[in-house]
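K.L.:
Please read through the structure below; I'll follow up with questions.
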Amino acid sequence: MRILFKSVLILDSSSAYYQQKVDLLAENGFWKEIAPTISSPADTLVDGENLSWHPSVIDLRVHHTLPGGEFKEDWNSLKSAALRGGVLDLALLPTGNPVPQQAEAIQFIANQSTEVNFFPIAPLTLDNVGDNFTDLYDLYYAGARWFSHGSGSLQNTDLMVKCLQYLQTLPVTLVSRPNTDGLSLYGQIHEGLQSTLMGLKGIPVLAETLSIKRDLDLLRYVRTNSFGNGSEGFRLHFSCLSSKESVELIRQAKLEGLPVSADVAIHQLIFTEEDLFDFDTNKKVNPPFRTKEDQDALWVGLQDGTVDAIVSDHHPVEVELKEIEFDQASFGIIGLETLLPALLQAATHRNISSIDTWIHQGPAKLLGINVSTLVEGQLAKGILVAEKQVEYQPSMIVSKSKNSAFLNHTFDHQIFGVLNGSIYTSF
């Protein structure tokens with residue numbers, strides 16, 4: 001099987017062909033030839049106007065609805081949504097019901113990898129309740145390399161420090177979505193001017209920063225008392241940063257030499273608290289959209305390497321829990337299908353030319369997987385993007401859930417096709 005891509009602008013910043021227009025020939029899943037012009041015969045010819053080539057997206061944060069939530073997302077719709085967004089590798093939070101917390105469940109999730117690759121995140125505590133440990137070592141030997149307390153932060157300090165003590169002996173990542181439940185309880189949006197104007201209880205920045213400070217202090221304590229048993233591959237990862245203060249805490253922790261990393265959700269880089277003036281429940285997320293100053297600090301954190309990755313935080317929610325009063329609606333938006341187009345548009349507006357470090361190379365390093373390389377003889381894997389304005393409509397969403405913050409938004413780019421080895425999918 002030979003696939004020929006004609007006159008493609010390479011926007012893979014790690015490639016020797018970066019910012020050049022070339023032809024790409026893939027044969028049986030590997031790059032056969034890369035040159036300014038290729039005239040060799042091919043089984044499939046892909047040609048079009050204003051096409052660019054990007055490395056595939058690696059998403060570190062996807063809320064898993066299985067088992068129990070098949071009405072929100074099933075295996076087929078999850079794979080289709082990921083493929084539609086060019087996400088060929090994704091980490092699944094342990095948020096099914098029941099929680100996938102046995103070795104067999106971890107292996108089952110990993111074995112679902114066909115068109116896309118799934119990396120199961122294992123739960124720290126049984127049923128994500130925060131009372132008793134899961135069998136952390138058994139889950140590790142079953143293949144889990146990331147662990148989290150469901151989609152949030154483990155509030156029990158004693159359990160958190162013990163999780164750090166156990167897991168810091170292994171080459172794994174412990175994920176915390178920093179939040180102090182006592183401060184965010186009943187909160188709806190960012191605590192500030194907009195929450196006052198809308199008459200909604202706010203979620204203060206302190207709910208996030210206090211949690212980060214606690215976990216960093218616990219990490220320091222565990223490292224100081226590791227007695228030489230700490231693994232060089234262990235890392236504490238903070239997910240979905242939303243504030244200027246949070247970025248600065250991670251920046252200082254990295255300068256200190258602590259094994260930490262962080263990500264930010266794509267919607268935090270685009271929306272602010274002011275975008276909630278119309279009470280649109282599809283924009284109700286946790287952590288909430290914060291101020292323009294916070295948003296600018298997140299972008300600076302990405303550019304200086306403080307923040308390692310951008311995630312979709314894909315969170316399917318049924319329509320019955322979105323089309324109700326704002327203070328009763330559930331948090332969460334979907335994002336697998338729109339991560340790349342939204343990021344391309346936002347980066348262009350900020351005059352940022354290279355984005356792949358945050359959605360490919362950086363996440364690949366954190367997950368411990370090989371990056372796709374645009375070199376002859378290497379695995380053919382990546383995304384073809386067309387520069388074309390498209391208004392995003394519900395009918396275009398392949399996810400079972402339609403709770404997107406980008407409905408009726410006009411993107412400047414559209415994913416034209418996705419190549420994963422010998423499989424090319426066009427849209």
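K.L.:
Angle check, please: helix 75-84 long axis (alpha carbons) against the longest principal axis of the chain (alpha carbons), in degrees 0 to 90, nearest 10.
P.N.:
Here the helix axis deviates by roughly 60 degrees.
K.L.:
Let me ask something additional. Round to a whole number: what % of the accessible area of the stretch 229-349 belongs to carbon and sulfur, probe 1.4 Å?
P.N.:
Working: 2030 of 4240 Å².
Ligands and nucleic acids excluded, carbon and sulfur reach 48 percent.
K.L.:
Please work out the Cα convex hull volume for the chain and give it in Å³ per residue.
P.N.:
Values: hull volume 57.8 nm³, N = 427.
Dividing the Cα hull volume of the chain by its residue count gives 135 Å³.
K.L.:
Next question. Computed over the Cα atoms of the stretch 228-309, what is the ratio Rg over Rh, Rh following Kirkwood?
P.N.:
Across the stretch 228-309, the Cα-based Rg/Rh ratio is 1.07.
K.L.:
Based on DSSP, what percent of beta bridges with both residues in the chain are antiparallel, to the nearest 5?
P.N.:
About 50 percent, rounded to the nearest 5.
K.L.:
Which one of Ser80, Leu185, Val172 has its Cα pushed farthest toward the positive end of the charge dipole of the chain, where Lys and Arg give +1 and Asp and Glu give -1 at the Cβ?
P.N.:
Checked the options; the winner is Val172.
K.L.:
At q = 0.15, 0.17, 0.22 Å⁻¹, what is the base-10 log of I(q)/I(0) for the stretch 1-80 according to the Debye formula with one equal point scatterer per Cα and no solvent? Please give it to two decimals.
P.N.:
Each listed q maps to, in turn, -0.68, -0.75, -0.96.
K.L.:
Hey, another quick one. Using a 1.4 angstrom probe on heavy atoms only, work out the carbon and sulfur share of the accessible area of the stretch 94-198 in %.
P.N.:
50
K.L.:
For the stretch 27-75 and the stretch 344-410, what is the separation of their Cα centres, given in Å?
P.N.:
Spelled out, the Cα-based centre of one part sits 10 Å from the other.
K.L.:
Hey, how much of the P(r) for the stretch 84-129 falls beyond 18 Å, as a percent of Cα pairs?
P.N.:
Summing the P(r) of the stretch 84-129 above 18 Å gives 30 percent of all pairs.
K.L.:
So, one more: Taking R0 as 35 Å, what's the FRET efficiency between Ala16 and Asp43 from their Cβ-Cβ distance, rounded to 0.05?
P.N.:
Approximately 0.85, to the nearest 0.05.
K.L.:
Now a separate question. Using θ = phi - 60° and the Karplus relation 6.51 cos²θ - 1.76 cosθ + 1.60, list the HN-Hα couplings for the stretch 382-397 in order, rounded to whole Hz, with x at every Gly or Pro.
P.N.:
x, 10, 9, 10, 9, 7, 7, 6, 9, 8, 7, 10, x, 5, 8, 7
K.L.:
Could I ask something else about it? Under the rule of at least 5 residues apart or a separate chain, name every residue whose amide H is placed under 5 Å from the amide H of Ser148.
P.N.:
For Ser148, the qualifying residues are Ala122, Leu124, Val175.
K.L.:
Give me D for the stretch 105-164 in µm² s⁻¹, whole number, from Stokes-Einstein with Rh from the Kirkwood sum over alpha-carbon pairs, 4 °C and 1.567 mPa s.
P.N.:
107
K.L.:
Considering only Cα-Cα distances, which of the following residue pairs are longer than 28 Å: Lys213/Lys400; Lys365/Lys400; Lys284/Lys400; Lys79/Lys284; Lys244/Lys400; Lys283/Lys388?
P.N.:
From Lys213/Lys400; Lys365/Lys400; Lys284/Lys400; Lys79/Lys284; Lys244/Lys400; Lys283/Lys388, over 28 Å: Lys213/Lys400; Lys365/Lys400; Lys244/Lys400.
K.L.:
Right, here's the next one. Which residue, Gln361, Gln102, Gln252, tops the fluctuation ranking in a GNM of the chain built on C-alpha contacts under 10 Å?
P.N.:
Gln252
K.L.:
On the Cα set of the stretch 304-427, report Rg and Dmax in Å, please.
P.N.:
Every Cα atom of the stretch 304-427 included, Rg and Dmax give 16.5, 55 Å.
K.L.:
Which of Pro394, Pro287, Pro341 moves the most in a Gaussian network model of the chain with Cα springs under 10 Å?
P.N.:
With Cα springs under 10 Å in the chain, the top fluctuation among Pro394, Pro287, Pro341 is at Pro394.
K.L.:
While we're here: Let me know the charge dipole size of the chain about its Cα centre in debye, to the nearest 20, where only the beta-carbon of Lys, Arg (+1) and Asp, Glu (-1) is charged.
P.N.:
On the way: 31 positive and 51 negative charges, 137 e Å.
It works out to roughly 660 debye.
K.L.:
Let me ask something additional. Quick check on the stretch 128-260: what are the equivalent-ellipsoid semi-axes from the Cα gyration tensor, as sqrt(5λ), descending, whole Å?
P.N.:
Here the semi-axes work out to 29, 17, 12 Å.
K.L.:
Could you give the dipole magnitude of the stretch 1-155 about its Cα centre, charging the beta-carbon of Lys and Arg +1 and that of Asp and Glu -1, in debye to the nearest 20?
P.N.:
360
K.L.:
Out of residues 5 or more away from Phe119 or on other chains, whose amide H comes under 5 Å of its own, with H placed 1.01 Å from N in the peptide plane?
P.N.:
Correct list: Leu90, Ala91, Leu92.
K.L.:
Moving to a separate point now. Karplus couplings for the stretch 284-293 from phi (6.51 cos²θ - 1.76 cosθ + 1.60, θ = phi - 60°), rounded to Hz, Gly and Pro as x?
P.N.:
Those phi angles translate into 8, 9, 9, x, x, 4, 10, 8, 4, 5 Hz.
K.L.:
So, by mean Cβ neighbours within 10 angstrom, what's the order for 50-56, 365-371 with the highest one leading?
P.N.:
My ranking of the peptides, most packed first, is 50-56, 365-371.
K.L.:
If you don't mind, another one. From the phi angles alone, apply the Karplus equation (6.51, -1.76, 1.60; θ = phi - 60°) to the stretch 44-59 and give each ³J(HN,Hα) in whole Hz, x where the residue is Gly or Pro.
P.N.:
Along the stretch 44-59, the couplings run 10, 10, 10, 9, x, 8, 6, 9, 10, 10, 10, x, 5, 8, 10, 9 Hz.
K.L.:
Please work out the Cα center distance from the stretch 275-309 to the stretch 166-235, rounded to the nearest Å.
P.N.:
Cα centroid to Cα centroid, the span is 17 Å.
K.L.:
Using a probe radius of 1.4 Å on heavy atoms only, what accessible surface per residue do you get for the chain? Whole Å² is fine. Don't skip to the answer; put the middle values down first.
P.N.:
Values: 17250 Å² over 427 residues.
Per residue, the chain has an accessible area of 40 Å².
K.L.:
In the Gaussian network model of the chain, springs joining C-alpha atoms below 10 Å, which of Asn282, Asn408, Asn117 carries the largest mean-square fluctuation?
P.N.:
Asn408
The values are calculated or read from the model by the stated rules, or taken from the named source; none is laboratory data. Because the structure is predicted, anything quoted here is derived from the model rather than measured. So basically every Cβ, Gly included, is an ideal-geometry build from the backbone, and we count neighbours across all protein chains shown. The area values use the complete protein model at the heavy-atom level, side chains included, leaving out ligands, DNA and RNA. Shrake-Rupley method; radii C 1.70, N 1.55, O 1.52, S 1.80 Å.
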